[in-house]
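Notes for the one structure printed next.
The values are calculated or read from the model by the stated rules, or taken from the named source; none is laboratory data. Predicted model only: the values in this text are computed from it and were never measured. Quick reminder, even Gly has a Cβ in these numbers, built from the backbone with ideal geometry, and neighbours come from all protein chains shown.
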Amino acid sequence: MERIPFSPPRIDQAIIDEVTDTLRSGWITTGPKTKALEKKLAALTGIENILCVSSATSGLEVVMKWLGIKAGDEVIIPAYTYCATANVVVHCGATPIMVDINPDDFTMNIEQISQAISPRTKAIVPVDLGGMPIDYTALQELINNASVKALFQADSEVQKQLGRIAIVADAAHSLGAVYKGVAAAQFTDVSVFSFHAVKNLTTAEGGAICFNLPSPFDNGALYKKFNSFVLHGQNKDALEKYGQNKWEYDVEEAGYKCNLPDVLAAIGLVEIGRYASDTLPRRKAIFDAYQTAFSNCDWAELPIFETVEKTSSYHLYLLRIKGISLEQRNAIIQEIFDRGVSVNVHYKPLPLLTFYKNQGFDISDFPVSLDCFYRVITLPVYYNLTDEQVQFITGVIKEAVATITMNKSLC
Ligand SMILES: Cc1ncc(COP(=O)(O)O)c(C=O)c1O
């Protein structure tokens with residue numbers, strides 16, 4: 001059997017046709033396809049105002065800037081996430097305040113968030129890790145708690161209007177995640193999706209900002225504002241100027257440049273058209289097959305991806321092996337690789353990365369993150385992964401674990 005890759009994109013004739021159509025149309029930058037993708041994202045999530053951008057990172061950063069987050073401010077994030085969550089805070093000159101995660105589903109620990117809140121806290125960035133939503137009701141209760149609100153110090157017009165800590169979700173993994181029967185993004189002020197090449201819905205590179213702010217904010221007006229803000233602050237985009245004698249534009253603020261071009265949105269349009277019918281059911285079937293295959297293995301700590309209140313987007317299948325060391329985990333991954341399967345690790349906690357270590361973050365303050373990192377292996381999940389390949393992968397994993405841990409119990 002050929003090597004099984006970790007997460008290749010589904011590039012088929014439908015994608016090639018849609019991208020080719022965009023190229024032939026002569027309109028390759030932001031235009032009708034990006035706008036069509038935004039409408040479909042709105043229909044999928046129930047959030048009316050969604051703006052596509054060039055990545056989740058850029059989307060998170062422009063939202064932080066708009067919130068007025070600056071030097072001296074604090075933003076609470078999990079220690080167990082991709083570096084983008086923290087880097088955007090650093091880019092604003094603010095301080096990321098890290099908290100540990102829950103051992104059951106890798107989501108941020110709400111009790112620790114509560115302890116981390118200070119008068120400098122301007123935003124909390126929950127990460128729906130692997131696609132599993134955090135406990136949004138508890139988070140909302142926390143930020144709306146009278147004593148937490150009394151502590152809040154608004155330094156910008158936006159912060160004054162909000163009157164409390166903002167919830168800006170890093171929803172890079174969680175397009176399609178459900179909390180209490182609706183899209184998890186409906187429980188945040190702003191959520192930002194990623195459409196990076198390995199994500200459950202891709203545009204090669206890309207992302208989207210969901211505006212879901214409470215009154216008195218006007219989310220439609222915010223969409224328009226950000227449409228300009230991600231294009232240098234120009235008051236007309238390329239489409240508006242094109243083909244008409246409307247070349248002149250103005251710039252009222254120094255914006256960013258992180259719009260999503262149509263040539264990439266074309267991929268997303270095909271992907272979103274088959275998301276509910278193909279992608280999601282297939283991903284769920286693979287999660288279920290892994291779950292069944294490992295259910296009798298005494299060494300396997302199975303991920304939680306469905307509860308009464310939450311359903312994952314089925315983005316990452318995070319298997320943990322009980323009682324192993326970092327060296328054993330790495331040796332198991334090597335064994336798996338040698339037997340023809342590529343797996344991955346999500347994530348190396350931020351305090352273990354040189355930049356954040358040098359900022360003074362100490363991994364011993366985040367024992368759950370460290371324990372998860374030592375024992376986790378992320379398995380392949382993608383539409384084109386066949387049942388035979390899933391069976392092969394589970395066999396390989398069982399053999400690799402048995403070889404390295406000398407665990408002879410059959411499962
Ligand atoms: C948790 C998390 N946040 C943010 C990002 C950044 O997404 P993007 O590559 O679209 O900027 C990623 C990407 O892998 C991620 O996994």
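Restricting attention to the stretch 127-161, and to residues there that are part of a loop (DSSP other than H, G, I, E, B) and away from the ligand (no atom under 16 Å from the Cβ), which single residue is surrounded by the fewest Cβ atoms within 10 Å (Cβ to Cβ)?
Narrowing the stretch 127-161 to residues part of a loop (DSSP other than H, G, I, E, B): 128, 132-135, 145, 152-156.
Filter again for away from the ligand (no atom under 16 Å from the Cβ), leaving 135, 145, 152-156.
Details: D135: 21, N145: 14, F152: 18, Q153: 11, A154: 14, D155: 15, S156: 15.
My answer is Q153.
Does F226 count as more than 10 Å from the ligand (Cβ to nearest atom), assigned to a loop (DSSP other than H, G, I, E, B) and of a type in the set (A, V, I, L, M, F, W, C)? Break it down stepwise before answering.
Working: more than 10 Å from the ligand (Cβ to nearest atom): yes; assigned to a loop (DSSP other than H, G, I, E, B): no; of a type in the set (A, V, I, L, M, F, W, C): yes.
No; evaluated as a whole, the condition is false for this residue.
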Original post:
Residues T386, T378: which one is in the same structural domain as H315 (by TED's automatic domain parsing) and surrounded by 13 or more Cβ atoms within 10 Å (Cβ to Cβ)?
Top reply: T378
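Just to be sure, is K236 surrounded by fewer than 19 Cβ atoms within 10 Å (Cβ to Cβ), among the basic types (K, R) and at pLDDT 95 or above?
Working: surrounded by fewer than 19 Cβ atoms within 10 Å (Cβ to Cβ): yes; among the basic types (K, R): yes; at pLDDT 95 or above: no.
So K236 does not fit the description; no.
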**OP:** Filter the stretch 16-60 for residues that are more than 16 Å from the ligand (Cβ to nearest atom), in a loop (DSSP other than H, G, I, E, B) and touching a residue at least 12 places away in the same chain (Cβ under 8 Å) and give the result.
**Re:** W27, I28, T29, T30, G31, G46, I47, E48
Original post:
Of these, D298, D262, which one is surrounded by 21 or more Cβ atoms within 10 Å (Cβ to Cβ) and either of a type in the set (V, I, T) or away from the ligand (no atom under 16 Å from the Cβ) (or both)?
Top reply: D262
**OP:** Among the residues of the stretch 316-339, write down those that are more than 16 Å from the ligand (Cβ to nearest atom), outside any helix (DSSP H, G or I) and surrounded by 14 or more Cβ atoms within 10 Å (Cβ to Cβ).
**Re:** L319, R320, I321, I324, R339
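Of the residues I404, I397, which single one is in a helix (DSSP H, G or I), under 23 Å from A285 (Cα atoms), modelled with pLDDT of 95 or more and of a type in the set (A, V, I, L, M, F, W, C)? Step through it out loud before you land on a result.
Values: I404 fails: under 23 Å from A285 (Cα atoms).
Selected residue: I397, the only one of I404, I397 that is in a helix (DSSP H, G or I), under 23 Å from A285 (Cα atoms), modelled with pLDDT of 95 or more and of a type in the set (A, V, I, L, M, F, W, C).
Do you know which of the residues in the stretch 63-88 that are assigned to a helix (DSSP H, G or I) and within 12 Å of the ligand (Cβ to nearest atom) is farthest from F226 (Cα to Cα)? So that I can check it myself, show each step before the final result.
Within the stretch 63-88, the first condition is being assigned to a helix (DSSP H, G or I), and the residues that meet it are 63-67, 83-88.
This time we only want the ones that are within 12 Å of the ligand (Cβ to nearest atom), so: 83-88.
Values: C83: 24, A84: 20, T85: 20, A86: 22, N87: 21, V88: 17 Å.
Applying the filter and picking the extreme gives C83.
Listed residues E248, E253; which is more than 24 Å from I50 (Cα to Cα) and assigned to a loop (DSSP other than H, G, I, E, B)? Give the derivation first.
Working: E253 fails: more than 24 Å from I50 (Cα to Cα).
After applying the criteria, what remains is E248.
Those residues that are more than 14 Å from the ligand (Cβ to nearest atom) and not acidic (D, E), I need them from the stretch 99-114; list them, please.
The first filter runs over the stretch 99-114 and keeps only residues more than 14 Å from the ligand (Cβ to nearest atom), leaving 99-100, 102-105, 109-114.
V99, N102, P103, N109, I110, Q112, I113, S114 - these are the residues of the stretch 99-114 that are more than 14 Å from the ligand (Cβ to nearest atom) and not acidic (D, E).
Tell me, yes or no, whether the stretch 166-189 has at least one residue that is under 19 Å from D262 (Cα atoms), surrounded by fewer than 24 Cβ atoms within 10 Å (Cβ to Cβ) and away from the ligand (no atom under 14 Å from the Cβ). Can you show your working first?
Taking the stretch 166-189 as the starting set, the residues that turn out to be under 19 Å from D262 (Cα atoms) are none.
There is no residue in the stretch 166-189 that is under 19 Å from D262 (Cα atoms), surrounded by fewer than 24 Cβ atoms within 10 Å (Cβ to Cβ) and away from the ligand (no atom under 14 Å from the Cβ).
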**OP:** List every residue pair whose Cβ atoms lie under 8 Å apart, where the two residues are 6 or more positions apart in sequence or sit on different chains, the first residue falls within the stretch 213-224 and is in the same structural domain as E157 (by TED's automatic domain parsing), and the second residue, located anywhere, is acidic (D, E).
**Re:** L213/D189; P214/D189; N219/E48; G220/E48
Original post:
Looking at the stretch 352-371, which of the residues that are in contact with a strand residue (DSSP E or B) (Cβ under 7 Å, 6 or more places away or on another chain) and part of a helix (DSSP H, G or I) is nearest to A84 (Cα to Cα)?
Top reply: S369
**OP:** Scan S312, S325 and give me the residue that is polar (S, T, N, Q), at pLDDT 95 or above, under 21 Å from the mean Cα position of the chain (by Cα) and outside the structural domain of H173 (by TED's automatic domain parsing).
**Re:** S312
**OP:** Looking at (1) under 27 Å from E306 (Cβ atoms); (2) in contact with a helix residue (DSSP H, G or I) (Cβ under 8 Å, 6 or more places away or on another chain), find the lone condition where Y82 falls short.
**Re:** (2)
Original post:
Under the condition of being more than 10 Å from the ligand (Cβ to nearest atom) and in a loop (DSSP other than H, G, I, E, B), which residue from the stretch 205-223 is nearest to T279 (Cα to Cα)?
Top reply: N212
Original post:
Quick check, is I124 within 16 Å of the ligand (Cβ to nearest atom) and either at pLDDT 95 or above or surrounded by fewer than 21 Cβ atoms within 10 Å (Cβ to Cβ) (or both)?
Top reply: yes
